[in-house]
Amino acid sequence: MNSFNWYQTLVKPTWAPPSWIFGPVWTFLYAVIFVSYGFVFYKVYTKEIPLVVAVPFVLNLIFNFSFTYFQFVLKNNLFASIDILLVLGTLIWALFAIFPYASWVSWINIPYLLWVLFATILQITITVLNA
């Protein structure tokens with residue numbers, strides 16, 4: 001069974017958004033991530049921001065990209081739930097870490113934070129409903 005068909009068979013809460021919404025939302029969010037994280041990495045590269053500030057941004061990207069593997073390749077809701085909690089945690093850490101240096105990076109990532117918070121609740125709910 002392919003990943004799309006597998007995901008469609010999962011029990012989801014009534015408030016789960018339709019599948020087609022994820023593409024446009026993530027397209028917008030990845031544009032925000034590209035600009036803001038790119039800025040952070042550039043500022044670290046030019047030594048205008050300490051290297052340690054970039055750590056949660058790097059971890060966030062790793063966990064963000066890992067989610068698809070856990071959810072749709074391994075088809076493992078538990079791993080996906082743990083991973084999205086790490087996405088949420090590293091994002092909050094990143095926004096606090098960069099705020100003293102470039103508060104706009106924190107502000108521009110609020111939609112990402114809200115979506116990840118929603119996605120975390122959704123993923124944990126799906127995991128529980130399908131346990």
Just one listed residue, out of 25, 58, 35, is under 18 Å from residue 113 (Cβ atoms), modelled with pLDDT of 95 or more, part of a helix (DSSP H, G or I) and touching a Phe, Trp or Tyr at 6+ places or on another chain (Cβ under 7 Å), and it is 25
Would you call residue 12 surrounded by fewer than 15 Cβ atoms within 10 Å (Cβ to Cβ), touching a helix residue (DSSP H, G or I) at 6+ places or on another chain (Cβ under 8 Å), basic (Lys, Arg) and closer than 26 Å to residue 124 by Cα?
no
Is one or more of the residues making up the range 43-52 among the basic types (Lys, Arg), under 16 Å from residue 33 (Cα atoms) and at pLDDT 95 or above?
yes
Mind listing whichever residues of the range 61-84 are assigned to a helix (DSSP H, G or I) and either of a type in the set (A, V, I, L, M) or touching a Cys at 6+ places or on another chain (Cβ under 8 Å) (or both)?
61, 62, 73, 78, 80, 82, 84
Going by the structure shown, is residue 72 closer than 30 Å to residue 131 by Cβ, in contact with a helix residue (DSSP H, G or I) (Cβ under 7 Å, 6 or more places away or on another chain) and among the aromatic types (Phe, Trp, Tyr)?
yes
Select, from 52, 116, 73, the only residue that is out of contact with any Asp or Glu (no Cβ under 9 Å at 6 or more places or on another chain) and surrounded by 13 or more Cβ atoms within 10 Å (Cβ to Cβ).
116
Within the range 103-131, track down each residue that is aliphatic (A, V, I, L, M) and farther than 18 Å from residue 72 by Cβ.
105, 108, 110, 113, 114, 117, 121, 128, 131
Answer yes or no as to whether residue 121 is part of a helix (DSSP H, G or I), over 21 Å from residue 42 (Cα atoms) and in contact with a Lys or Arg (Cβ under 8 Å, 6 or more places away or on another chain).
no
Take the residues of the range 89-112 that are surrounded by fewer than 18 Cβ atoms within 10 Å (Cβ to Cβ) and in contact with a helix residue (DSSP H, G or I) (Cβ under 6 Å, 6 or more places away or on another chain): which is nearest to residue 26 (Cα to Cα)?
108
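The values are calculated or read from the model by the stated rules, or taken from the named source; none is laboratory data. It should be emphasised that the depicted structure is a prediction, and the values quoted were computed from it without experimental measurement. Virtual Cβ from ideal backbone geometry, glycine too; neighbours counted across all protein chains shown.
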